[in-house]
Amino acid sequence: MAHEKREIEEHSGGSNLMHWIGRLIAVAVILAITSFLTPGFTIVGLWSFLLAAVVIIVIDYLVESFMGVDASPFGKGLKGFIIAAIIIYLTQFLVPNMRVSIMGSILAAIVIGILDAVFPGRAM
C-alpha cells in the first residue's frame, strides 16, 4: 500500500513538472501573439518572452495563493481582468526588452483572455 502511494506521488510530481513546462510554453506563445497584435505591448527576443512567461506565472501563482483570486482575465470578472492587467504592467519592470503602456496592458489582458479561451489549459 505504501509502495503504491509513493509510486503515485512520483508520477504526479513528474506530470506536475510537465504541467508547469507546458504552461510556460503556452504563456510564452500567447505573449508572442499578444505582442504582435497589441499596440503599446512590446517584447523583443526569445529570452524576454520566456522570462516574461516565468514572471507572469510566478506573480499569478502568488496572487492566487495569498489573495485567493483567480488572476486570469476572465477568471473572476472585472476583478480578475484588472489583476491580469496589473500583472502584465508590472512584469515590464522585471523583464528587459519588454515595454507596456497602461492601455497596452488593458488591451493585452483582453487579447490574453480571448487566447486563453481558445488555447487548451490556462495561460494566466
Just name the residue that is farthest from the chain's Cα centre (by Cα) out of those in region 82-91 that are under 11 Å from ILE56 (Cβ atoms) and open to solvent by less than 30 Å² (accessible area, probe 1.4 Å).
THR91
Any residue in region 12-25 that's over 22 Å from LEU50 (Cβ atoms): show its pairings with residues that are at pLDDT below 85 and in a helix (DSSP H, G or I) at Cβ separation under 8 Å, as long as the two are six or more apart or on different chains.
none
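When only residues in region 4-55 that are aromatic (Phe, Trp, Tyr) and assigned to a helix (DSSP H, G or I) count, which is modelled with the lowest pLDDT?
TRP20
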From the residues in region 65-81 that are surrounded by fewer than 16 Cβ atoms within 10 Å (Cβ to Cβ), in a helix (DSSP H, G or I) and not polar (S, T, N, Q), which one is modelled with the highest pLDDT?
PHE66
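The values are calculated or read from the model by the stated rules, or taken from the named source; none is laboratory data. Here the structure is a predicted model, which is why all the values come from computation and not from measurement. As a convention, Cβ positions derive from the backbone with ideal geometry for all residues, glycine included, and neighbour counts pool all protein chains shown. What goes into the accessible areas is simple: the full protein's heavy atoms, side chains included, and nothing from ligands, DNA or RNA. Shrake-Rupley method; radii C 1.70, N 1.55, O 1.52, S 1.80 Å.
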